[in-house]
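Okay, so here's the structure we're looking at.
The values are calculated or read from the model by the stated rules, or taken from the named source; none is laboratory data. Just so we're clear, the structure is a prediction, and the values are computed from it rather than from any experiment. All Cβ positions, even for glycine, are placed from backbone atoms using ideal geometry, and neighbour counts span all protein chains on display. Please note that ligands, DNA and RNA were not included when accessible areas were found on the heavy atoms of the full protein model with its side chains. Shrake-Rupley method; radii C 1.70, N 1.55, O 1.52, S 1.80 Å.
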Amino acid sequence: VRNPLNSISLQLSILERRVSRLEPRMAGEMSSLVGIIRDEVRRLDSLVGDFLLFSRASRVQHQPGDLEDVVDEVSRLLAPEAQAQGVRLERGRQGEALPPVRMDAEKMKQVVINLVRNAIEAMPDGGVVTVESGLSEGGARIAVRDSGPGLPADVDVFQIFVTTKPQGTGLGLSIVQQIVQQHRGEVRADNHPGGGACFTVTVPLDGG
C-alpha cells in the first residue's frame, strides 16, 4: 500500500510546482484541492503505519532498561508537536524513582508516544498534558493526564477501530493495550475528577 502512496505523493509534488505557475485565482483553487489530497494521503499512510505497529506489537524482546529515560525521551520528542497545538506538556514524578525495568524499550516508547499524542489530539483548542512516572506498589507506573473533555461514557476506547477522534484510526489505544499486556501489565482509562482523561499504565519490574 505504501508504494502507491509514495507514488501519489511524488506526483502531487510535481502538480504543486505546476500549480504555482498558474494565475493567482486558479492557483489558489487548485492548491486547496491538492492540499486535501495530500492530507488524505497522509491519513492513509498513518493508517498503514498503525496496522504495521499492531501486527508487530506481539514481537517483544525483554531486557533491563530505564523506563524513566523512555518517558523523558518521548516528552522531549513530542514537546514541539504539543506546543504547535497550544498544549503545554508537563513532566512529573509520582512515588519513588524507578529501578531498572525488564521491558522492550522500543515497544514501551510506542506506548508512551500513543498515550501522549492521544492526549494532545484530544485538545484541539489547547490545554495541559501531564506525564508522570514512578514506583507504585512494587511496579512501574506511568500516568498521562489531559485537561480535555474527558472520555465518553460506555465506550471501550481500547477496542480495535473504536475512536473518539474524527481523523482517528481506532488502533492507537489497542496497540497500547496489546504491548502492555505483553509486559504482564495493565492499562486503565478514567475520567479525572478535576476534568479530562487519565490513562494509567502499570507493569511489573520483571515485565518479561
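Specify which of the listed residues (105, 97) is within 26 Å of residue 47 (Cα to Cα), modelled with pLDDT under 95 and among the small types (Gly, Ala, Ser). So that I can check it myself, show each step before the final result.
Values: 97 fails: within 26 Å of residue 47 (Cα to Cα).
Just a single option satisfies the conditions, and that option is 105.
Of all the listed residues (43, 102, 18, 76), the sole one being part of a helix (DSSP H, G or I), closer than 30 Å to residue 205 by Cα and open to solvent by 80 Å² or more (accessible area, probe 1.4 Å) is 76.
From the residues in segment 116-131 that are in contact with a Lys or Arg (Cβ under 7 Å, 6 or more places away or on another chain) and open to solvent by 10 Å² or more (accessible area, probe 1.4 Å), which one is nearest to residue 104 (Cα to Cα)? The extreme case among them is 130.
Restricting to segment 132-156, name every residue that is surrounded by fewer than 24 Cβ atoms within 10 Å (Cβ to Cβ) and within 15 Å of residue 72 (Cα to Cα). Selection gives 132, 134, 141, 143.
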